[in-house]
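Remarks on the structure that follows.
FYI, it's all coordinate maths here, none of it is from the lab. Just so it is clear, the structure is predicted and the values come from calculations on it, not from any experiment. In this analysis, Cβ positions are derived from the backbone assuming ideal geometry, glycine residues included, and neighbour counts consider all displayed protein chains.
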Amino acid sequence: MDNILKHVAIIMDGNGRWAKERNRPRFWGHVRGAYRVSDIVERASNIGIEALTLYAFSTENWTRPVDEINILFKLLKKYLKSEFARIVKNKISFKVIGDTSQLDSETLELINELEASTKTNSGLKLTFCFGYSGRSEIINAINKLLSEGHKEITEEMITQYMMRPEIGDVDLLIRTGGDQRVSNFLLWQIAYAELYFESEKWPDFSANQFEDIIRKVQKRDRRYGRIENTVLTYRESQSSSMNNLNLIN
Ligand code: FPP
């Protein structure tokens, strides 16, 4: 695909409502949702997206019933086991960011092993945000910089102290499930992201729908605050404007 968006992030929402509509327990929605993760990762990798970041578990999700939390933990472990070989084969570079301290030792080992064996892979940079909070990520970066004794903090410094700096800014944030919120996700990295709110709930969100959204958003005009065909930017013109003012005086 030409001119592909580099970094796509997804809030995979709507699992619980999807299950409820089918008179099933909420966890069923997560189970079905986990299959979608594999499909979307594969498609993202095939169409040449550089980075895909998925919101798998937020710090706010800790307030959910313990049974639901356990299911989400189990699904992560199952995913890691069943997709390990495919991730390696497809040259995906995998990383989990967030607070993983509550995961069991087997899951942590799987994460470490998968991260280590895919670290230098040149394909899709796949990031799972687990126990993740966008505000905490920013605060942690600032605290690290302060502890290093910096008196002044720049945007570049904070960017470098994000948990996976190489994924850079998000180009497109998709949220499934119909709500229009960013829910504490990648707050630093979405500063200039295109936002796309999809009504389909995550367990029904297909790889084709994902690709259609990418194609649609690629056609949007991303100006980053500029206007089209600006010949001379305001900053560039400062010196010449000052010269003109001198002429008026
Ligand atoms: C939001 O649905 C989704 C989550 C809290 C977790 C996302 C998890 C998965 C997609 C499955 C886990 C897969 C892996 C591989 C880690 P919700 O329960 O908030 O839905 P609702 O808004 O309808 O209640």
Near-label residues of the range 1-41 by backbone N, under 15 Å of a point 7 Å along Cα→Cβ of GLU200: 10-15, 18, 33-41
Loop-resident sites, the range 107-162, for GluC sites (Glu not before Pro), counting at most 15 other Cβ within 10 Å (DSSP): GLU148, GLU152
Residues SER117 and LYS20, FRET efficiency given R0 of 35 Å [Cβ-Cβ distance, rounded to 0.05]: 0.35
Which of LYS95, LYS144 has the fewest Cβ neighbours within 10 Å, and the rest in rising order: LYS144, LYS95
Helix 234-248 axis, angle to the chain major axis (alpha carbon atoms, nearest 10°): 20 degrees
Between helix 207-218 and the chain: long-axis angle, C-alpha atoms, 0 to 90°, nearest 10: 0 degrees
Value at 222 nm in deg cm²/dmol, rounded to 500, when DSSP H runs of n ≥ 4 in the chain each add -39,500 (n - 2.57): -14500 deg cm²/dmol
Long pairs among LYS6/LYS77; LYS6/LYS216; LYS6/LYS74; LYS91/LYS125; LYS6/LYS95; LYS77/LYS201, criterion Cα-Cα beyond 20 Å: LYS6/LYS77; LYS6/LYS74; LYS77/LYS201
Spin-label model distance (nm) - ALA191 vs GLU109, 7 Å beyond Cα toward Cβ: 4.2 nm
